[in-house]
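These notes concern the structure reproduced below.
The values are calculated or read from the model by the stated rules, or taken from the named source; none is laboratory data. Given the structure is predicted, the values throughout are model-derived calculations rather than measurements. Every residue, glycine as well, gets a Cβ built from its backbone with ideal geometry; the counts of neighbours run over all protein chains shown. All accessible areas refer to the heavy atoms of the entire protein, side chains included, with ligands and DNA or RNA removed. Shrake-Rupley method; radii C 1.70, N 1.55, O 1.52, S 1.80 Å.
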Amino acid sequence: MDLRTRYLGLSLRTPLIASASPLSGDVGLIRQMEDSGAGAVVLPSLFQEQIEEEARAADELARIGADSSPEASSYFPAVVTYNSGPHGYLDLVARARAAVDIPVIASLNGTTVAGWVDYARLIEQAGATALELNIYRIASGPGVTGGQAEADCVALLEAVRSRVKLPVAVKLHPYFSAFGDFAQQLDHAGADGLVLFNRLYQPDIDLLRLAWKNDATLSGAGEIRLGLLWLSVLSGRLPHASLAAGTGVDTAEEVIKYILAGANAVMTASSLLRHGPGHLRTLVSGLETWLSTRGFASVSAITGLMRPSHPDSEAEADERGSYIESLSSYQGPYVRH
Ligand SMILES: Cc1cc2nc3c(=O)[nH]c(=O)nc-3n(C[C@H](O)[C@H](O)[C@H](O)COP(=O)(O)O)c2cc1C
């Protein structure tokens, strides 16, 4: 069975990618993920705030003398321990590259164009195979228009793109008003791939302590549908960028559905955090079994197989038809047709 795929212009031996999480901050676990069938691994993100904080502290030390300890002044929580910090990150990149043969994709996570972007060049020099840019911004300011939020993302991609020759992927949340055009803009600005989607931070409220809960919850298979929709809309329509699916994989079924919708690669973090790095073996063998049972010889034979065949001009009408059909199809104890 030929499980190979192409993502970011790279040839991957399987379409399964371990996405950024604490697991990929550990080189021993990265090795296990390679042994279990990962086609590539994304390292945990290095955050814009961490890079800027380190630069600020270094400036302050230089200004007031090496004996003092400058106070942290940013909103960044000091609890991020799984990404090695700016100092250790380049070392993590180099150690991961030396430990495995699969592509090692480093990750930068930020929102605005500033000096921190230069870190991309250091990551390239440290030996990363590719770079994932996680643009995680909740544009909550009253004066920020949708167009401005998109333009800021494109400008950030262009800034990173101009620093490196590496393939660059952009990881995004789905809440942009016209995602189709936005994806075209990113493709035009040099994105080699799009990761659809990041999970947006969704807080909860602790009713006992009357406090916000900022805990990370793991995803479930019910969350793949938005990704299926946009992958099927964008698959085959971007001149350059390849597509990775990003949320909700728990079993091989989600992997297969994502590929059928048009994903060139499928990422998972929650399933590996829940079941362990060896779960990749279950995902890969489930994919392989399904392909052979259905008589397909390769992953490429099913990539985008289920994408709609209508012309672009009919896409919106078709999407609306499916929406109305889904509403009408509902049946339950209180609703019968
Ligand atoms: C504990 C935890 C840590 C994560 N850390 C990062 C990170 O450093 N950078 C990043 O881009 N995404 C990070 N993510 C998001 C995942 O890479 C992934 O995009 C998201 O969880 C959706 O995929 P999933 O449904 O397979 O979990 C993290 C997720 C979890 C649960």
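Structure notes:
- ³J(HN,Hα) computed for each position of region 207-222 - Karplus, 6.51 cos²θ - 1.76 cosθ + 1.60, integer Hz, glycine/proline x: 6, 6, 8, 6, 9, 6, 9, 9, 8, 8, 9, 7, 7, x, 4, x
- Annotation: for a label point projected 7 angstrom from Cα along Cα→Cβ of Ala178, residues of region 135-156 with backbone N closer than 14 Å are 146-151.
- Note: relative contact order over the chain, using C-alpha pairs below 8 Å and six or more positions apart, is 19 percent.
- Residue (of Ala315, Gly278, Ser24) at the positive-pole extreme of the chain, dipole from beta-carbon charges: Gly278
- Solvent exposure, largest accessible area first (probe 1.4 Å, DNA, RNA and ligands not counted), of Lys165, Lys257, Lys171, Lys213: Lys165, Lys257, Lys213, Lys171
- Under 5 Å, built H, 5+ apart or other chain: amide partners of Val266: Leu16, Ile17, Ala245
- Charge tally in the Cβ shell below 14 Å around Arg274, where Lys, Arg are +1 and Asp, Glu are -1, Arg274 excluded: -3
- Taking the accessible area of the chain, probe 1.4 Å, and keeping the other protein chains in place, the carbon and sulfur fraction comes to 53%.
- Taken as entire DSSP H runs, the helices of the chain that both span 15 Å or more between Cα atoms along their own long axis and average -0.5 or more on the Kyte-Doolittle scale are 85-99, 146-163, 279-293.
- Phe197 accessible area, 1.4 Å probe, all protein chains in place, Å² to nearest 10: 10 Å²
- Solvent accessible area, Å² - Arg274, 1.4 Å probe, full protein context: 100 Å²
- Over the chain: helical MRE at 222 nm, DSSP H runs n ≥ 4 each giving -39500 (n - 2.57), nearest 500: -12000 deg cm²/dmol
- DSSP assigns beta bridges within the chain; of those with both partners inside it, close to 20 percent run antiparallel.
- Under 13 Å, Cβ to Cβ, from Lys171 - net charge with Lys/Arg +1 and Asp/Glu -1: 0
- Largest GNM mean-square fluctuation among Glu54, Glu254, Glu319, using the chain with Cα springs under 10 Å: Glu319.
- Choice from Ala151, Ala57, Ala40 showing the highest fluctuation, given a GNM over the chain with Cα pairs closer than 10 Å: Ala57
- For the peptides 116-129, 96-109, 281-294, the ranking by packing is 96-109, 116-129, 281-294, with the highest mean count of neighbouring Cβ atoms within 10 Å listed first.
- Counting charges near Ala106 (Lys, Arg +1; Asp, Glu -1) among other residues having Cβ under 13 Å from its Cβ returns a value of +2.
- Modelled spin labels at Ser298 and Ile138, positioned 7 Å past Cα toward Cβ, are 4.4 nm from each other.
- In terms of packing, defined here as the mean over residues of other Cβ atoms within 10 angstrom, the peptides 229-237, 134-142 line up highest first as 229-237, 134-142.
- In the context of the full set of protein chains, residues of region 5-311 present 46 Å² of accessible surface per residue (probe radius 1.4 Å, heavy atoms only).
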